[in-house]
Amino acid sequence: MKSIRLATAALAAIALTSPLALVAAAADAPTSGDLSAGHAKKDTLRWVAPKGFYIGTAAAGGGHHESQPYPDPFTKDLEYRKVLAAEFSSVAAENQMKWEYIHPEQGRYNFGMADSIVDFARKNRQAVRGHTLLWHSQNPQWVEQGDFTPDELRAILRDHITTVVGRYKGDIQQWDVSNEIFDDSGKLRTTDNIWIRELGPGIIADAFRWAHEADPKAKLFFNDYNVEGVNAKSNAYYALVQELLAQGVPVHGFSAQSHLSTRYGFPGDLETNLNRFADLGLETAITELDVRMDLPADGVPTAEMLAKQADYYQRTLSACLNVEGCNSFTIWGFTDKYSWVPVFFSGEGAATVMWNDFSRKPAYHALQCTLAKEAVERGEKHPHLPNCA
């Protein structure tokens, strides 16, 4: 996941209710929450979502959390787990399935945290997104600094993909097989991606083939940041996907991470971009959505800032819902309590749909109302939601 600058023209808002109306009395961050009232079964995102549409989040753990003054969120915060189970029909490992966590030493795998996420999802009837198999970042030192021949390195990657995907065969709905392989100019990362640098671009197709052999039913995705709109990077993916499909490579999906910022314009051609990949026969997905803000000196967003954030969330969801085959929508964490944004972006934050105490922001209600409206339009019935017009 990375920050992005989105300079495309803003799309006309498509909302069930005005984001400003949702903001009433919400400018001040609350200090306490009422889960019994706010997270009842019939008042959650997964409850109102249309059938067959997966609303997901990342399960917080690893990465920046290890440097924060709190225990591992996913395993230790019971309130967090309660909300995670109630609100979402899909979960993704934030860091726990990345190489440095799941394969920390040569010849040794550490499946503990990944297993716990998959077990949690199974118990709560949630789908799982696997993240990620081939990436230039968060590889262990034994990989990056090892003195391997190309044949040895290829065998290491194949073993990793076969072992990890095979372990969770039948449990993973979608895999981010290839993550962030292009730079913003649309060039392959031939310098910082060890797999492409040492093994050549053909290793990308091999990774998809190996993943498919290990779990033929899992959907296999390209995943990247700054590919929301039609630009050099998304064009590079579009060209590569066509080449791979022509070769019979099992590529099933294309996903946009969507780490957005209200500092920049909304990617107004998001729907257009997703549609062109859908026209190739691919599924599409939003995989890591958050919307960060430049915070005032007191750290509390204004009503106008919260309204703009809600608008970005709603428009991203609407774009996905409008594209055939975009059935997976994941936000990158749901509470500011554990968001990665303040750690990596000084002065920015409040990027998720809930405050630290799990009470809901206008952005949450914007997602909930949009999901409920879509379900009704598809002929499904849902209870009245008081926050929706």
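The values are calculated or read from the model by the stated rules, or taken from the named source; none is laboratory data. Small disclaimer: the values here were computed from a predicted structure and weren't measured. Don't worry about glycine lacking a Cβ; one is built from the backbone with ideal geometry, like all the others, and counts go over all protein chains shown. What goes into the accessible areas is simple: the full protein's heavy atoms, side chains included, and nothing from ligands, DNA or RNA. Shrake-Rupley method; radii C 1.70, N 1.55, O 1.52, S 1.80 Å.
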TODO: For Asn327, indicate whether it is out of contact with any helix residue (DSSP H, G or I) (no Cβ under 7 Å at 6 or more places or on another chain), over 30 Å from Leu78 (Cβ atoms) and either of a type in the set (Ser, Thr, Tyr) or at pLDDT 95 or above (or both).
DONE: yes
Open item on the list: I'm checking my understanding of the structure. Among residues of region 98-131 that are assigned to a loop (DSSP other than H, G, I, E, B) and aromatic (Phe, Trp, Tyr), which one is most open to solvent (accessible area, probe 1.4 Å)?
Closed with: Tyr109
- [ ] Consider Asn235 carefully, then state whether it is out of contact with any Lys or Arg (no Cβ under 9 Å at 6 or more places or on another chain) and polar (S, T, N, Q).
- [x] yes
Open item on the list: I'd like the full set of residues that are β-branched (Val, Ile, Thr) and either in a loop (DSSP other than H, G, I, E, B) or open to solvent by 10 Å² or more (accessible area, probe 1.4 Å) (or both), limited to region 87-97.
Closed with: none
TODO: Hey, can you tell me all the residues within region 331-349 that are touching a Leu at 6+ places or on another chain (Cβ under 7 Å) and assigned to a strand (DSSP E or B)?
DONE: Ile331, Glu348, Gly349
- [ ] Would you mind telling me which numbered condition in (1) free of Cβ contacts under 8 Å to residues at least 24 places away in the same chain; (2) on the phi < 0 side of the Ramachandran plot His382 fails?
- [x] (1)
Task: Within region 358-389, considering residues that are surrounded by fewer than 17 Cβ atoms within 10 Å (Cβ to Cβ), part of a loop (DSSP other than H, G, I, E, B) and of a type in the set (D, E, K, R), the one modelled with the lowest pLDDT - done: Lys381
- [ ] Would you confirm whether any residue within region 281-304 is open to solvent by less than 10 Å² (accessible area, probe 1.4 Å), over 22 Å from the mean Cα position of the chain (by Cα) and modelled with pLDDT of 95 or more?
- [x] yes
Task: Flag if Gly229 is at pLDDT 95 or above and farther than 30 Å from Pro342 by Cβ - done: no
Open item on the list: For region 150-159, give me each residue that is open to solvent by 70 Å² or more (accessible area, probe 1.4 Å) and over 19 Å from Leu188 (Cβ atoms).
Closed with: Asp151, Glu152, Arg158, Asp159
Open item on the list: Checking Ala25 against (1) in a loop (DSSP other than H, G, I, E, B); (2) surrounded by fewer than 21 Cβ atoms within 10 Å (Cβ to Cβ); (3) at pLDDT 95 or above, only one condition comes out false. Which one?
Closed with: (3)
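The rows are residues; the columns are (1) closer than 22 Å to Phe222 by Cβ; (2) open to solvent by 10 Å² or more (accessible area, probe 1.4 Å); (3) under 23 Å from the mean Cα position of the chain (by Cα).
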{"site": "Leu133", "(1), (2), (3)": "yes, no, yes"}
{"site": "Trp142", "(1), (2), (3)": "no, yes, no"}
{"site": "Gly170", "(1), (2), (3)": "no, yes, yes"}
{"site": "Ser178", "(1), (2), (3)": "yes, no, yes"}
{"site": "Asp183", "(1), (2), (3)": "yes, yes, yes"}
{"site": "Thr191", "(1), (2), (3)": "yes, yes, no"}
{"site": "Ile196", "(1), (2), (3)": "yes, no, no"}
Open item on the list: Residue under question is Phe334, and the condition is that it be open to solvent by less than 10 Å² (accessible area, probe 1.4 Å), of a type outside the set (Ser, Thr, Tyr) and at negative phi; does it hold?
Closed with: yes
Task: Any hit, region 226-238, residues being out of contact with any His (no Cβ under 7 Å at 6 or more places or on another chain), of a type in the set (Val, Ile, Thr) and open to solvent by 10 Å² or more (accessible area, probe 1.4 Å) - done: yes
TODO: Go through region 301-334 and count every residue that is acidic (Asp, Glu) and under 23 Å from Gln126 (Cα atoms).
DONE: 1
Task: Residue pairs meeting the criteria (Cβ under 7 Å; at least 6 apart or on separate chains; first more than 15 Å from Trp135 (Cβ to Cβ) and of a type in the set (Gly, Ala, Ser), in region 95-123; second part of a helix (DSSP H, G or I) and open to solvent by 30 Å² or more (accessible area, probe 1.4 Å)) - done: Ser116/Thr75
TODO: Could you grab me the full set of residues in region 65-81 that are farther than 25 Å from Ala285 by Cα and assigned to a helix (DSSP H, G or I)?
DONE: His65, Glu66, Ser67, Pro73, Thr75, Lys76, Leu78, Glu79
